Amino acid sequence: MPDGGHEYPMLFLHLKAADVPVDFGVRVDQHERARNLHRVLDNGDANGQARFIVAGDLNSVGLDLTFSKHDIGPAEENDRIRSMYGSRFEQMVMHDKTHDSTFWNGPGSSDAPVDIDHVIAATNVALAPVNGDPQVMVEVKGWPELETQSQQQDWINRYSDHAALRFTVT
């Protein structure tokens, strides 16, 4: 994506899903590989700072620790992802979105809507604010925008149980 002479490498991810230890470990490893790619891209960039974007279904569903009272919920996994990419070495930001949930199987599901789809960008990537809100850079489109569960279920049936993420690089 050239813009003003800059390139914006983007990695679309669909990480391992499930709250069991092996899947949690695979997700951590997949994040480490994305972070390693960022370092490789930094080394190849003339200024040493690639304008790298990671986006997609990160499946941050947490970890169910069998026979333990110390499970990791989806919100805590998202906080860990923010810390991992936001370190002084990575200098990347997981951007806030217009809606807190991005995945849901619909009203008939026993699972509540969850926040598992994300956009993470290097700090040198400028994203346009959504609706003039300087804190929100990613617009969630689809079923979360709809008012009734019937409308949401129709959207899910027609398109996807994942909402779409829209963002603009400026």
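What follows draws every value from the coordinates through simple rules; no lab data is involved. Predicted model only: the values in this text are computed from it and were never measured. Because the Cβ atoms are built from the backbone with ideal geometry, glycine has one as well, and the counts that use them run over all protein chains shown.
Report every pair of residues separated by at least 6 positions or lying on different chains whose Cβ atoms are under 8 Å apart, first residue within the range 113-130 and more than 12 Å from HIS99 (Cα to Cα), second assigned to a loop (DSSP other than H, G, I, E, B) and among the small types (Gly, Ala, Ser).
The qualifying pairs are ALA122/ALA50.
Which count do you get for residues in the range 1-24 that are in a loop (DSSP other than H, G, I, E, B) and free of Cβ contacts under 8 Å to residues at least 12 places away in the same chain?
Summing the residues that are in a loop (DSSP other than H, G, I, E, B) and free of Cβ contacts under 8 Å to residues at least 12 places away in the same chain in the range 1-24 gives 3.
Here is a list: GLU90, GLU7, GLU32. Which entry is out of contact with any helix residue (DSSP H, G or I) (no Cβ under 8 Å at 6 or more places or on another chain), within 14 Å of ILE120 (Cβ to Cβ) and among the acidic types (Asp, Glu)?
GLU32
Which one is surrounded by the fewest Cβ atoms within 10 Å (Cβ to Cβ) among residues in the range 147-169 that are in a loop (DSSP other than H, G, I, E, B) and touching a strand residue (DSSP E or B) at 6+ places or on another chain (Cβ under 8 Å)?
Filtering first and then ranking leaves THR168.
Collect the residues in the range 94-105 that are in a loop (DSSP other than H, G, I, E, B) and more than 14 Å from PRO74 (Cα to Cα), keeping them in residue-number order.
HIS95, THR98, HIS99, ASN105
What number of residues within the range 48-67 are over 17 Å from GLY25 (Cα atoms) and of a type outside the set (D, E, K, R)? Break it down stepwise before answering.
Initially, the range 48-67 is screened for residues over 17 Å from GLY25 (Cα atoms), giving 48-56, 67.
From what is left, the residues that are of a type outside the set (D, E, K, R) are 48-50, 52-56, 67.
Total satisfying the criteria: 9.
Could you grab me the full set of residues in the range 88-105 that are farther than 17 Å from GLN152 by Cα, more than 11 Å from the chain's Cα centre (by Cα) and crowded, with 20+ Cβ neighbours inside 10 Å?
Matches in the range 88-105: MET92 only.
Among the listed residues ARG33, ARG27, identify the single one that is loosely packed, with under 15 Cβ neighbours inside 10 Å and either aromatic (Phe, Trp, Tyr) or not in a loop (DSSP other than H, G, I, E, B) (or both).
ARG33
In the range 36-57, how many residues are in contact with a strand residue (DSSP E or B) (Cβ under 9 Å, 6 or more places away or on another chain), on the phi < 0 side of the Ramachandran plot and outside any helix (DSSP H, G or I)?
The number of residues fulfilling the criteria is 8.
Is one or more of the residues making up the range 124-132 crowded, with 19+ Cβ neighbours inside 10 Å and under 27 Å from LEU41 (Cβ atoms)?
yes
Report yes if some residue within the range 65-87 is in a loop (DSSP other than H, G, I, E, B), within 28 Å of TRP143 (Cα to Cα) and in contact with a strand residue (DSSP E or B) (Cβ under 6 Å, 6 or more places away or on another chain); otherwise report no.
no
Look at the range 106-146 and say how many of its residues are among the acidic types (Asp, Glu), over 17 Å from the mean Cα position of the chain (by Cα) and part of a loop (DSSP other than H, G, I, E, B). Steps first, please.
Step one: filter the range 106-146 for residues among the acidic types (Asp, Glu), giving 111, 115, 117, 133, 139, 145.
With over 17 Å from the mean Cα position of the chain (by Cα) added as a condition, the list becomes 111, 133, 145.
Narrowing the set further to residues that are part of a loop (DSSP other than H, G, I, E, B) leaves 111.
Going through the range 106-146 one residue at a time, the tally reaches 1.
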